[in-house]
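K.L.:
Right, I'll just put the structure down here and ask away after.
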Amino acid sequence: MTDIASLETDTIAAIAAAGDEGALEAVRVGALGKKGSISALLSTLGKMAPDERKTAGAAVNVLKDRVTEALATRRATLREAALEARLRAETVDVTLPVRETGIGAGRLHPISQVMDELTAIFADLGFSIAEGPDIETDNYNFTKLNFPPGHPAREMHDTFFFKPDEKGERKLLRTHTSPVQVRTMLSQQPPIRVICPGRTYRCDSDQTHTPMFHQVEGLVIDKKAHLGHLKWVLEESCKAFFEVPSVKMRFRPSFFPFTEPSMEVDIQCSRKGGEIRFGEGEDWLEILGCGMVHANVLRNCGLDPDEYQGFAWGMGIDRIAMLKYGMPDLRPFFEADARWLRHYGFRPLDFPTLAGGLSA
Ligand code: DAH
């Protein structure tokens with residue numbers, strides 16, 4: 001009997017001393033497992049005389065029940081303590097500043113940034129934004145812009161054509177943003193002052209050409225708009241875009257079917273040390289095409305050329321983005337490489353404004 005009593009004391013003490021569920025399980029196996037101390041006691045009962053077995057059996061069973069209960073109680077206590085400790089260790093301090101995620105970590109593509117900059121600059125000059133579809137009709141992309149059918153200038157555009165539809169009409173991916181001029185004149189009455197940024201497509205690919213690229217078109221139509229206005233608008237917008245106090249521009253005669261006269265415009269730059277800088281230097285860099293809207297185009301768009309006149313220009317957004325932000329190759333613009341975007345991209349919450357700085 002003393003055996004049983006001391007076994008109980010020892011086992012209960014071991015249970016109380018177990019610091020975690022693993023240690024408690026070891027105590028359980030040591031007492032109630034196949035080779036455990038209490039199991040050993042139970043196996044001695046069979047060899048006892050019936051009378052002795054009765055009292056001893058009852059005592060061992062009481063011991064077994066108490067130990068089992070003590071184990072369960074201790075296990076519950078240990079579990080609760082473990083949960084408490086875990087909760088304490090995993091507490092979230094809601095007063096800490098938030099980590100940079102989502103919108104803060106994302107970057108705006110330089111094309112989006114430049115479009116936003118152009119929007120801010122031209123909104124300040126009283127222009128609004130006009131848009132048109134990427135899939136255009138031959139009529140809007142060429143015919144209404146005074147490219148007669150069979151005219152060689154059509155071939156120069158390396159156009160992506162769709163198969164003709166049931167009416168025999170052949171749609172195409174617009175080769176320039178100029179069809180948005182047509183759409184604007186057909187849907188709005190002068191005075192018109194719009195810029196049209198968007199995607200354009202030509203079957204062409206090398207270091208400075210991609211099959212999809214971006215242009216921005218400008219159009220001004222009223223009764224008196226003239227070349228002097230065009231020159232002023234281009235100079236002011238270039239100064240604002242390149243963030244320099246002055247730029248010199250050179251207007252060279254050129255040819256576009258939709259303007260007469262037509263010009264190509266170069267801006268003054270320096271190329272010292274392989275780096276292009278605007279607003280200084282003796283070099284010239286071509287940046288856009290422009291001219292007075294051709295009388296045929298006005299007529300094709302329902303405007304009387306004796307009453308209305310105006311000017312237009314078009315330039316490559318990718319190209320001016322490369323020039324402003326020093327990107328040597330056009331192809332990565334369209335490779336969706338997150339590392340490139342992290343390097344050349346812009347923080348989405350820093351809006352370009354004239355007051356705050358376009359590329360601040
Ligand atoms: N559409 C011309 C092109 O893609 C660019 C252009 C030149 C647009 C002169 C104009 C313009 O509006 O007046 O090459």
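K.L.:
Sort out which residues of segment 256-287 are within 16 Å of the ligand (Cβ to nearest atom), out of contact with any Cys (no Cβ under 9 Å at 6 or more places or on another chain) and of a type outside the set (A, V, I, L, M, F, W, C), and write them in order of number.
P.N.:
Once the filter is applied, which keeps residues that are within 16 Å of the ligand (Cβ to nearest atom), out of contact with any Cys (no Cβ under 9 Å at 6 or more places or on another chain) and of a type outside the set (A, V, I, L, M, F, W, C), segment 256-287 yields P257, E260, P261, D266, E286.
Listed here are the residues, each with its yes/no results for (1) surrounded by fewer than 19 Cβ atoms within 10 Å (Cβ to Cβ); (2) among the hydrophobic types (A, V, I, L, M, F, W, C).
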| position | (1), (2) |
| --- | --- |
| L145 | no, yes |
| P149 | yes, no |
| P152 | yes, no |
| H209 | yes, no |
| E217 | no, no |
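K.L.:
Out of all the residues in segment 47-71, which are surrounded by fewer than 13 Cβ atoms within 10 Å (Cβ to Cβ) and in a helix (DSSP H, G or I)? So that I can check it myself, show each step before the final result.
P.N.:
From segment 47-71, those surrounded by fewer than 13 Cβ atoms within 10 Å (Cβ to Cβ) are 47, 49-52, 54-55, 58, 62, 65, 69; that's our starting set.
The answer is K47, P50, D51, E52, K54, T55, A58, V62, D65, E69.
K.L.:
May I pose another question? Touching a Lys or Arg at 6+ places or on another chain (Cβ under 7 Å) and hydrophobic (A, V, I, L, M, F, W, C): does that describe F142?
P.N.:
Judged against the criteria, F142 is a match.
K.L.:
Within the set of pairs 6+ apart or on separate chains, which have a first residue in segment 179-203 that is of a type in the set (K, R), a second that is at pLDDT 95 or above and outside any strand (DSSP E or B), and C-beta atoms under 6 Å apart?
P.N.:
R183/G132; R193/G126; R193/F127; R199/D134; R202/T175
K.L.:
Okay, next question. So R319 fits all but one of (1) within 16 Å of the ligand (Cβ to nearest atom); (2) under 21 Å from the mean Cα position of the chain (by Cα); (3) at pLDDT 90 or above; what number is the exception?
P.N.:
Of the numbered conditions (1) within 16 Å of the ligand (Cβ to nearest atom); (2) under 21 Å from the mean Cα position of the chain (by Cα); (3) at pLDDT 90 or above, the odd one out for R319 is (3).
K.L.:
On to the next question. T184 versus (1) hydroxyl-bearing (S, T, Y); (2) within 16 Å of the ligand (Cβ to nearest atom); (3) modelled with pLDDT under 95: which is the lone unmet condition?
P.N.:
Only one criterion in (1) hydroxyl-bearing (S, T, Y); (2) within 16 Å of the ligand (Cβ to nearest atom); (3) modelled with pLDDT under 95 is unmet by T184, namely (3).
K.L.:
Could you grab me the full set of residues in segment 230-255 that are more than 26 Å from F333 (Cβ to Cβ), surrounded by 14 or more Cβ atoms within 10 Å (Cβ to Cβ) and either within 14 Å of the ligand (Cβ to nearest atom) or of a type in the set (S, T, N, Q) (or both)?
P.N.:
Within segment 230-255, L230, K231, V233, F251, S254 meet the criteria.
K.L.:
Sticking with this structure for a sec: Would you call T159 outside any helix (DSSP H, G or I), touching a Leu at 6+ places or on another chain (Cβ under 6 Å) and either crowded, with 17+ Cβ neighbours inside 10 Å or not charged (D, E, K, R) (or both)?
P.N.:
Details: outside any helix (DSSP H, G or I): yes; touching a Leu at 6+ places or on another chain (Cβ under 6 Å): yes; either crowded, with 17+ Cβ neighbours inside 10 Å or not charged (D, E, K, R) (or both): yes.
Taking the combined requirement at face value, the residue satisfies it.
The values are calculated or read from the model by the stated rules, or taken from the named source; none is laboratory data. Quantities reported herein were computed from a predicted structural model and do not represent experimental measurements. Note that we place each Cβ from the backbone using ideal geometry, even for glycine, and neighbour counts take in every protein chain shown.
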